[in-house]
Amino acid sequence: METLKNRIVKLLDTLNERVYGKEEVMALALLSAVAGESIFLLGPPGVAKSMVARRLKLMFRGGTAFEYLMSRFSTPDEIFGPVSIARLKNEDTYERMTEGYLPTATVVFLDEIWKAGPAIQNALLTVINEKIFRNGQFSVRVPMKGLIAASNELPTSGQGLEALYDRFLVRKLVGGIEDLSDFDRMISTADESEPEMDESLAVSDEEYSQWQEQMKSVGLHYSVLEVIHSLKDKLEDYNRQLENADSPFSVALYVSDRRWKKIVRLLRASAFLQGNTEVRLSDCLLMVHCLWNETSQIDWVRDAVLTAVGESVRGYVLNLSGIETDLQALKKELDSAGALRERADAGLQLVDAYYYQVGRVRLAGRLLLFASDYQQLDDVGKQFYLHKDKYKTDCYVLKKYDPSMRNKVSPSKVYTLRRGRRSVFINDYEYPLLCTPDCASLPAMEVQAQEDIPARFSQLEQRLSHAEAHCGDWVKEEADYCANHLFVGKREKEAMSRILGEPSKALFRYRNELEEMKHAYRKENEEYPSERPENSLFGATS
């Protein structure tokens, strides 16, 4: 399989000789042809759309190309060949002379495709979908491997072009050369000849047929199915929002079951040509080119695909979602138990009848917090701002912040507060609250509430360790696969790199949270040794 990938790399290198800024388009055209699908290129004239088709024929041994610029006056004779007058006159048989026309071509390029008349459209539907051309009374299987259509506009709504448009699985915007160095090389070169394709690299008809069969055995991991399930849900939400908005200027994103099946075939072809025996999540990035109908939907589709892939990484490959849920559930349980002790805490000293005083702060004065605000704090965090009280000398007060105050309060004076045990966390740093002299220790948690805590810690520890071990290997393997992917574009590769960086950060955060919880639990058991269960997870403490 690796040998196949090396061959495809060499094929693309040859096809891209003296081609500048169109490497991704060429790769997608090759992939579409191998998958037996058609590709639509949307872009202005003069951006090398037809060149892609002419080059693509070189990858097929003995390949031929058919090109035609459509107009509203185009006739089926110009596309499929003229009717044989001799056969019609002598044998009373209606049959076209197809040699040199679309029915005998390996690669077909149809420019300004939407200007084709109904007769051409109907014939194309059968050719594209079934690779069959009806020639008189006979049905002929066409040797076409790839159909590339192009236009500088999308099909006009209400003109009966929806069925034809749907046949183009891959849709790609094509523009001018963006990189200045590529542009300079393009205008400087005087050689416009086609490259010489090594005969050993070119794909024979027999090999092409073998590839079609071998691609069927490429596996489909459940994480890929979850990406598709997620995208179907997102598309339904998108269409539902359009209906509620009742906008006449937006088009729904309808994806038929047939199109989903073709998408999976494209993903299998991608994995196969990459030398892989199973579709990977990086292959799913190709769906960015398969789901949009209008250019205004491209960014939404890209975000939806990337989000679905990210969800699959976290939830189904590494099960990070399950770890986070269990971690937060345990944290909430411990915090709730602590809140029971603090609810009637007489150890906190009231200052000026309304406030608690925050200690160990680097301020030229006292820092106060309304006692009622402190009681409403949780473990998620709420925003407060620092207020200099003009009625109290050398005194600052933390007051609740509202987004409507953003024009009045500097962002540097806004802080996130969480509740601690006789303390407050300000931007995740813990500060003690002033307590009454000789205050009693907080009541211990009831033993019944603690009995299964060490076991819960142990289970989380095991799951986290397993995820960390799996994450390192899997992320590296997927990152290498994506970085060397032949068909995924630069923008999607960069996005995938960010997605694959998230699990390590999440696991690092979960590890820190777990260690903090274990540390807090250990300290609590040290404070109340008589209540500590035997055989604690943390062992004997001094």
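So what's the net charge close to Ser410: Lys and Arg +1, Asp and Glu -1, counting the other residues with Cβ under 15 Å from its Cβ? Combined, the nearby Lys, Arg, Asp and Glu give +4. Around the Cα centre of segment 219-316, unit charges on the Cβ atoms of Lys, Arg, Asp and Glu (plus for the first two, minus for the last two) sum to a dipole of about 480 debye. If the reach is capped at under 16 angstrom between alpha carbons, list the lysines near Lys476, excluding any in the same chain fewer than eight residues apart. Correct list for Lys476: Lys493, Lys505. Applying both filters, DSSP loop and at most 15 other Cβ atoms within 10 Å, to the chymotrypsin sites (Phe, Trp or Tyr not before Pro) of segment 201-285 gives Phe249, Tyr254.
Computed from Cα positions, the angle between helix 222-245 and the longest principal axis of the chain comes to roughly 90 degrees. Considering only Met51, Ala304, Gln214, and ranking their Cα positions along the charge dipole of the chain that arises from unit charges at the beta-carbon of Lys, Arg, Asp and Glu, the one farthest toward the positive end is Ala304. Once you have a ≥ b ≥ c as the square roots of the Cα gyration tensor eigenvalues for segment 140-286, tell me rounded if a/c is under 1.5, and otherwise prolate or oblate according to whether a/b is larger than b/c. Note, shape of segment 140-286 comes out oblate. Using the alpha carbons alone, the radius of gyration of the chain stands to its Kirkwood radius in an Rg to Rh ratio of 1.15. Applying the Karplus relation 6.51 cos²θ - 1.76 cosθ + 1.60 with θ = phi - 60° to segment 198-208 yields 3J(HN,Hα) values of 4, 4, 6, 7, 4, 8, 7, 4, 5, 5, 4 Hz, where x marks Gly and Pro. Amide H to amide H, with H built 1.01 Å from N, Phe60 comes under 5 Å of Val203, counting only residues 5 or more places away or on other chains. The helix-only estimate of mean residue ellipticity at 222 nm for the chain, built from DSSP H runs of length n ≥ 4 each weighted as -39500 (n - 2.57), is -14500 deg cm²/dmol after division by the residue total. A straight Cα-to-Cα reach below 13 Å connects Lys232 with the aspartates and glutamates Asp257, residues fewer than 8 places away in its own chain not being considered.
For Val142, the residues 5 or more places off, or on other chains, whose built amide H falls under 5 Å of its own are Ile132, Phe133. Taking a ≥ b ≥ c as the square roots of the eigenvalues of the alpha-carbon gyration tensor, segment 37-91 is classed oblate because a/c is 1.5 or more while a/b is no larger than b/c.
Between segment 177-254 and segment 60-117, what is the C-alpha centre distance in whole Å? Segment 177-254 and segment 60-117 have Cα centres separated by 27 Å. With respect to the cross-link table entries Lys89/Lys115; Lys115/Lys145; Lys145/Lys262, which display a Cα-Cα separation exceeding 21 Å? Beyond 21 Å: Lys89/Lys115; Lys115/Lys145.
Under the 0.36 nm per residue contour assumption, what length would be gained going from the current alpha-carbon distance of Leu69 and Lys382 to full extension? The partial results should precede the final answer.
On the way: separation 313, 0.36 × 313 = 112.68 nm, distance 6.34 nm.
The span from Leu69 to Lys382 would gain 106.3 nm if fully extended.
Of the trypsin sites (Lys or Arg not before Pro) in segment 202-245, the ones in a loop by DSSP (not H, G, I, E or B) with at most 13 other beta carbons within 10 Å are Lys216.
With +1 on each Lys and Arg Cβ and -1 on each Asp and Glu Cβ, and nothing else charged, work out how big the dipole of segment 350-432 is about its Cα centre, in Debye to the nearest 20.
Working: 16 positive and 9 negative charges, 42 e Å.
That gives segment 350-432 a dipole magnitude of about 200 debye.
With a/c under 1.5 counting as rounded, go ahead and sort segment 219-316 into rounded, prolate or oblate using the C-alpha gyration tensor (a ≥ b ≥ c being the square roots of the eigenvalues; past the cut-off, prolate if a/b is larger than b/c, else oblate). It is prolate, given that a/c is not under 1.5 and a/b is the larger ratio. For Lys234, the lysines whose Cα comes closer than 19 Å to its Cα, not counting residues fewer than 8 places off in the same chain, are Lys261. Spatially close Lys pairs in segment 350-432, defined by Cα atoms under 13 Å apart and a spacing of eight or more places or different chains, total 6. Over segment 140-209, with every protein chain in place, what whole percent of the accessible area is carbon and sulfur at 1.4 Å, could you tell me? Percent of accessible area from carbon and sulfur atoms in segment 140-209: 48. For segment 211-320, with all protein chains present and a 1.4 Å probe, just round the carbon and sulfur fraction of the accessible area to a whole percent. Its accessible area is 48 percent carbon and sulfur atoms.
To the nearest 20 debye, what charge dipole does segment 1-47 have about its Cα centre, counting +1 at the Cβ of each Lys and Arg and -1 at the Cβ of each Asp and Glu?
On the way: 5 positive and 6 negative charges, 20 e Å.
Dipole size: approximately 100 debye.
With K and R counted +1 and D and E -1, the other residues having a Cβ less than 12 Å from that of Thr64 yield a net charge of +2. With the convex hull drawn over the C-alpha atoms of segment 350-432, the volume per residue is 101 Å³. What the chain shows is 52 Å² of accessible area per residue, with the surface traced by a 1.4 Å probe over protein heavy atoms. With contacts taken as Cα pairs under 8 Å at a separation of at least 6 residues, the chain carries a relative contact order of 13 percent.
Take every DSSP beta bridge whose two residues both sit in segment 4-204, then give the antiparallel share in percent to the nearest 5. Within segment 4-204, antiparallel bridges account for around 20 percent of the total.
The values are calculated or read from the model by the stated rules, or taken from the named source; none is laboratory data. For clarity, every value in this text was computed on a predicted model and none was experimentally measured. Every residue, glycine among them, receives a Cβ derived from its backbone with ideal geometry; neighbour counts consider all protein chains shown. Note: accessible area is taken over every heavy atom of the protein model, side chains too, but ligands, DNA and RNA are not part of it. Shrake-Rupley method; radii C 1.70, N 1.55, O 1.52, S 1.80 Å.
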